[in-house]
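The structure under discussion appears below in the form of structure tokens.
The values are calculated or read from the model by the stated rules, or taken from the named source; none is laboratory data. Since we're looking at a predicted model, the values are computed, not measured. Here the Cβ positions follow ideal geometry from the backbone for every residue, glycine too, while neighbour counts run over all protein chains shown.
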Amino acid sequence: MYKKLLTIAAVLGALTFNAGAWDYEGHHAINELALASLPADFGGFTLKPAMKNRIAFLAGEPDRWRNVGDLPLKHSNGPDHYIDLEDLKLYGLTPETLPLMRYDFVAVIARERAAHPDKFPPIDPAKDADHTRELSGFLPWAITENYEKLKSCFSYLKTFQKYGGTPEEIANAQANVVYVMGVMGHFVGDGSQPLHTTMHFNGWVGNNPHGYTTSLKFHPWIDGGYFHQTGGIDVGKLVGKIHPAERIKNAGQPDGMFRDAVSYIVEQNKLVGPLYELEKEGKLTGEGDKGLEGRPFLDGQLVKAGQMLGDIWYTAWLEAPEDQYLQRSLQERNAASSAAGK
């Protein structure tokens, strides 16, 4: 996915980097792990093998969108994959005070940049074709909004099932559930990659007292290079670390899921330093016993994402109300059909 242009320092200008969070193999594994957490009655219908395969396949969809190269899609899709938490202080915000609404956050960014231009190095228009360089990323909003889309899918699925939807209507509603489940898994997976929560997303930038790597190969190495070097991802070995999905307790509150998404991202951000330490200590080379010592860390991040994703899916199903508008429409349709049959 496309990462925003990172300012290293005013004298150095800025660098553009197209960053992904986990390669397709990693995102696919996260969706598989999440599926393993679900109860048999999840969704009120059977997730057939073909449906599960599609959910896993769709884990890569938001990264595929970037391959078209169209600027409007880059503009809307790119910032959904990350958030640079260090930027929040520039806007007078903390993770706890982030606004619930995506465009309220955009308004804060615009206001602060206009009021305090001295705090923000200038942006080179030639390197900002997709108009994202003023942004700091929208990852918690992407997770929350997709959760709400999934709730909507379950809402009308429940209603079709209960109030006489046709087999075709129910099948289409189920297909929509599968689609949103698969796509949203990508963003939850992004959140578990610590480098997608920080300005230090591809080598340490600026003041570097610990002597961390500044290599521009670091991000892709963590996304998938290290996994490929160490034998790939064995989902079967990781499934045992997944527990049954649980309802997220505060999801019923208006900002509950958003606050949980922010907290999830903040917790992964705490691992940025430890991840760089593993690299510095030679534990992420993938060679020899020492070079394999970083593998449990990265495996653990996949498990965290799979568990979080399963909990979100499960919560969306439980929290989804019946669609009242659709209910009335179906009841009217059924009444008219009954009257016509008399």
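Is it the case that Ala142 is surrounded by fewer than 17 Cβ atoms within 10 Å (Cβ to Cβ) and in a helix (DSSP H, G or I)? Don't jump to the end; show me each part of the working.
On the way: surrounded by fewer than 17 Cβ atoms within 10 Å (Cβ to Cβ): no; in a helix (DSSP H, G or I): yes.
No, not satisfied.
Looking at region 192-234, which of the residues that are among the small types (Gly, Ala, Ser) and more than 21 Å from the chain's Cα centre (by Cα) is farthest from Phe138 (Cα to Cα)? Even if it seems obvious, please write down each step before you answer.
Here is the first cut: in region 192-234, the ones among the small types (Gly, Ala, Ser) are 192, 203, 206, 211, 215, 224-225, 231-232.
Those left that are additionally more than 21 Å from the chain's Cα centre (by Cα): 203, 206, 211, 215, 231-232.
On the way: Gly203: 21, Gly206: 23, Gly211: 30, Ser215: 25, Gly231: 33, Gly232: 30 Å.
The selected residue is Gly231.
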### Query
Under 9 Å by Cβ, and 6 or more places apart or on different chains, what pairs join a residue from region 245-269 that is over 14 Å from Thr97 (Cα atoms) and surrounded by fewer than 16 Cβ atoms within 10 Å (Cβ to Cβ) with one that is modelled with pLDDT of 95 or more and hydrophobic (A, V, I, L, M, F, W, C)?
Arg247/Leu318; Asn250/Met257; Pro254/Leu100
### Message
Name the residue that is surrounded by the most Cβ atoms within 10 Å (Cβ to Cβ), counting only residues in region 107-138 that are closer than 19 Å to Met199 by Cβ and of a type in the set (A, V, I, L, M, F, W, C).
### Response
Phe138
### Message
Among (1) crowded, with 19+ Cβ neighbours inside 10 Å; (2) farther than 18 Å from Gly191 by Cβ; (3) of a type in the set (Ser, Thr, Tyr), there is one condition Thr230 misses while meeting the rest; what is its number?
### Response
(1)
### Task
Under 7 Å between Cβ atoms, at least 6 apart or on separate chains: pull out the pairs that start in region 299-311 with a residue that is on the phi < 0 side of the Ramachandran plot and modelled with pLDDT of 95 or more and end on any residue that is surrounded by fewer than 23 Cβ atoms within 10 Å (Cβ to Cβ) and acidic (Asp, Glu).
Asp311/Glu246
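Are any residues in region 52-87 of a type in the set (A, V, I, L, M), out of contact with any Gly (no Cβ under 8 Å at 6 or more places or on another chain) and either surrounded by fewer than 18 Cβ atoms within 10 Å (Cβ to Cβ) or more than 20 Å from Phe258 (Cβ to Cβ) (or both), and if so, which ones?
The answer is Val68, Leu71, Leu73.
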## Note on the structure
Glu169 meets each of (1) touching a residue at least 60 places away in the same chain (Cβ under 8 Å); (2) in a helix (DSSP H, G or I); (3) surrounded by fewer than 20 Cβ atoms within 10 Å (Cβ to Cβ); (4) touching a helix residue (DSSP H, G or I) at 6+ places or on another chain (Cβ under 7 Å) with one exception, condition (1)
### Query
Going by the conditions given, is Pro99 exposed (fewer than 12 other Cβ atoms within 10 Å of the Cβ) and outside any helix (DSSP H, G or I)?
no
#### Entry: Qualifying position, being without any contact (Cβ under 8 Å) to a residue 12 or more places away in the chain and closer than 18 Å to Tyr314 by Cα, among Ala34, Ala40, Ala59, Ala50
Ala40
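Keeping to region 104-127, report how many residues are within 12 Å of Leu90 (Cβ to Cβ), part of a helix (DSSP H, G or I) and either without any contact (Cβ under 8 Å) to a residue 12 or more places away in the chain or not aliphatic (A, V, I, L, M) (or both). Before you say what the answer is, go through the steps one by one.
Pass one, region 104-127, residues within 12 Å of Leu90 (Cβ to Cβ): 108-109, 111-113, 115-121.
Retained after the next criterion (residues that are part of a helix (DSSP H, G or I)): 108-109, 111-113, 115, 117-119.
Pick out the ones that are also either without any contact (Cβ under 8 Å) to a residue 12 or more places away in the chain or not aliphatic (A, V, I, L, M) (or both) and you get 111-113, 115, 117-119.
The number of residues fulfilling the criteria is 7.
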### Message
Need the failing condition index for Arg295 against (1) surrounded by fewer than 16 Cβ atoms within 10 Å (Cβ to Cβ); (2) touching a residue at least 12 places away in the same chain (Cβ under 8 Å), just the number.
### Response
(1)
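Mind checking whether some residue in region 151-162 is at pLDDT 95 or above, over 17 Å from the mean Cα position of the chain (by Cα), in a helix (DSSP H, G or I) and within 21 Å of Gly306 (Cβ to Cβ)?
For region 151-162, residues at pLDDT 95 or above, over 17 Å from the mean Cα position of the chain (by Cα), in a helix (DSSP H, G or I) and within 21 Å of Gly306 (Cβ to Cβ): present.
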### Unmet requirement for Val205, which otherwise passes all of (1) within 29 Å of Leu98 (Cβ to Cβ); (2) out of contact with any strand residue (DSSP E or B) (no Cβ under 8 Å at 6 or more places or on another chain)
(2)
